[in-house]
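A short reminder: the numbers here are calculations on the coordinates, not readings from a lab. Given the structure is predicted, the values throughout are model-derived calculations rather than measurements.
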Amino acid sequence: MQSAGSTNFVVVGFVGVILFVVPFFLFFVPSLISTMRLYAKAGKPSWSPIVPVYNLILMAKIGKKPVWMAVVLMLLDILAQYTREFGIILVLGALVFAIILLVAFLKQYTMSLGQKILYVFLPIVFVFMVKDINYIGGTQGPTQAQPVAPVAPQTEQFTGGAAQSVVPQAPQTFGQTTEQSTQNDSINQNL
């Protein structure tokens, strides 16, 4: 026969599991997966959101904010834990820096306002939308268009007394064999 104390222990344990496990799987895990995918789209390592300090530094870099903002955010958070007198002020300061970094980070992606709100408040839905989002923040992302081949300027070459116009050779084109390429080079040299 169970006593009243053991029944209360089971109820408290069940409530504790509900209050911890459900938010963990509905908020933290999808948020982590979404952030990992966004970092990967920005050309950063997808494991970086797991490392706390490195995460904030990369978020500042992706958001094109100075790194000192991430450092100040970390310091305010650490100081708020050990200071009773100014704890709430430090927490509010850290919250301001966190919002600034998060807004700058999210601006670097092709997201609507609704998607940004889902990323923050309902990541379980946003995790399925990440595949349609592209990084637009700079040249380091894999979604940026790369030039096919650089265009070399036309130069003049002096041979003896007359100037000749010389066009630099283009690299081997797609589908052209090395034999065809060497034939083209020898024809151009004979001209």
Notebook entry, point to check: Near the amide H of Tyr109, under 5 Å away, which other amide H atoms are found, from residues 5 or more places off or on another chain, if H is placed in the peptide plane?
Noted result: Ile136
Note to self: Checking the a/c ratio against 1.5 first, then a/b against b/c, what shape does the Cα gyration tensor give for the stretch 24-127?
What the structure shows: prolate
Next item on the list: Express in nm, to one decimal, how much length is gained between Arg84 and Val21 on full extension, taking 0.36 nm for each residue of separation and deducting their alpha carbon distance.
Entry: 19.7 nm
Next item on the list: Name the residues whose placed amide hydrogens come within less than 5 Å of the amide hydrogen of Val127, ignoring near sequence neighbours (fewer than 5 apart) on the same chain.
Entry: none
Margin query: On a full-extension model of 0.36 nm per residue, what is the gain between Lys107 and Phe128, subtracting their alpha-carbon distance, rounded to one decimal in nm?
Written below: 5.7 nm
